[in-house]
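Undergrad: Submitted below is the structure of interest, expressed as structure tokens.
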Amino acid sequence: MIVVLMLTLLCGAHAIEISDYLRDLDCTIERVDNIPKDLTKPFIFHRGVDHLYKIQERLRLNELLLSRGNVSVGLDYAGDGGSPTKLWRASSLSDYIYNYVIPLSNMSIYESLNDDVVKTYLWGPTDECERHRSEDECEIKHRTEFIPMDVHSMYMCPWEGNTGIVWGLAGKYTGLPWHRHRWVSNELIYGKKLWLLYDQKYQIDTENKTSIELLFDMVNEYIDDPEFVAPQVCVQNEGDVINVPRLWNHMTFNLETVAMVGCIYDPE
């Protein structure tokens, strides 16, 4: 077992400013112009934005507040994709946007590091109706609640074989810490997101830290250690699709307010 983030630090390691790291970041995840035949490796494919225009408009914050603001949504600690954590709670979409998304847009990355607002996330399974409301209230099972009904039919997954679709809306400087799961693709509808990847052989102890805490740890403490194994990294922009193969470790960090959609695939 290889533990990546639990290294003994060398004395006198030089700390890098997080802003410098993000500014000078080189993409080390393969970018492709065409979808490759081999989908067992990670890559980023720029699908374009033509197919996203209507979805983008429907998922802008102002539009969501008007059309879905009173809808009950399931929020969670920005952890892995398992069952809701003890911090999970139900809220209204407007409460989430006003109290967790908009405030981050006015913060610096250093201010957000010490603010609990980065610990709440709206993504996929925790927003399925039956997870945060009684089954009697749920007309449609296993469907992301905050997405307007007509938007669900607007999106087509980028490659064949998908078995499910999940959506997300998250504030700047939030993200999901290291986790792994089934094979997925993730497309950015709008915003900007940093991805970090390790292959299946690594076991990572996140110490229950958030994405921003882990990123600061890596940049300030580990990155100059010659024993540190750097992850593959890249910034995803709107219309970019990232392929994350089964059991690849991945972490995300949002550089802007983001809306995203993920597809789950059968490994066959």
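Only the coordinates and a few stated rules stand behind these numbers; no lab work does. Model, not experiment: these values are computed from the prediction. Quick reminder, even Gly has a Cβ in these numbers, built from the backbone with ideal geometry, and neighbours come from all protein chains shown.
Undergrad: Could you list the GluC sites (Glu not before Pro) in the stretch 160-261 that lie in coil according to DSSP, counting only those with at most 11 other Cβ atoms within 10 Å of their Cβ?
TA: Within the stretch 160-261, the qualifying GluC sites (Glu not before Pro) (loop, at most 11 other Cβ atoms within 10 Å) are E160, E207, E227.
Undergrad: Step through the table entries K37/K201; K172/K192; K119/K209, compare each Cα-Cα distance with 18 Å, and write down the pairs that go over it.
TA: K37/K201
Undergrad: Ok, one more. If the cut-off is a Cα-Cα distance under 18 Å, which aspartates and glutamates reach K141, setting aside same-chain residues fewer than 8 apart in sequence?
TA: Result set, ordered by chain and number: D127, E128, E130, D150.
Undergrad: So, one more: Please report, in debye to the nearest 20, how large the charge dipole of the stretch 2-265 is about its Cα centre when each Lys and Arg carries +1 at its beta carbon and each Asp and Glu carries -1 there.
TA: So the dipole magnitude of the stretch 2-265 works out to roughly 580 debye.
Undergrad: Oh, and also: Using 0.36 nm per residue of separation minus the Cα-Cα distance, give me the extension gain between H179 and D224 in nm, one decimal.
TA: Computed gain between H179 and D224 is 13.8 nm.
Undergrad: When the chain is fully extended, how far beyond the present Cα-Cα distance does E139 get from R89, taking 0.36 nm per residue of separation?
TA: Answer, rounded to one decimal: 16.0 nm.
Undergrad: Say each of D205 and I102 gets a label point 7 Å from the Cα, pointing the same way as Cα to Cβ; how far apart are those two points in nm?
TA: 4.2
Undergrad: Turning to a different aspect of this structure: Calculated from DSSP H runs of 4 or more alone, at -39500 (n - 2.57) each and per residue, what is the 222 nm mean residue ellipticity of the chain, nearest 500?
TA: -3500 deg cm²/dmol
Undergrad: Can you sort K193, K54, K201 so the residue with the fewest Cβ neighbours within 10 Å comes first?
TA: K201, K54, K193
Undergrad: Moving to a separate point now. Post the alpha-carbon centroid distance, the stretch 100-127 to the stretch 203-242, in whole angstrom.
TA: Each part's Cα centre sits 18 Å from the other's.
Undergrad: Rounded to the nearest 20 debye, what is the charge dipole size of the stretch 109-173 about its Cα centre when +1 sits on each Lys and Arg Cβ and -1 on each Asp and Glu Cβ?
TA: 220
Undergrad: So, one more: When the distances between all Cα atoms of the chain are binned every 5 Å from zero, what whole-number percent does each bin get?
TA: The percentages, shortest bin first, are 1, 6, 13, 17, 20, 18, 13, 8, 4, 1, 0, 0.
Undergrad: Based only on other Cβ atoms within 10 Å, what is the fewest-to-most ordering of C263, C157, C27, C138?
TA: Ordered from fewest to most neighbouring Cβ atoms within 10 Å, C263, C157, C27, C138 come out as C27, C138, C157, C263.
Undergrad: So, one more: If contacts are Cα pairs under 8 angstrom and at least 6 residues apart, what is the relative contact order of the stretch 110-233 in percent?
TA: 27
Undergrad: Here's something else I'd like to know. Could you pull out the trypsin sites (Lys or Arg not before Pro) across the stretch 122-192 that fall in loop regions by DSSP (anything but H, G, I, E, B) with no more than 12 other Cβ atoms inside 10 Å?
TA: Here the sparse-neighbourhood loop sites are K141.
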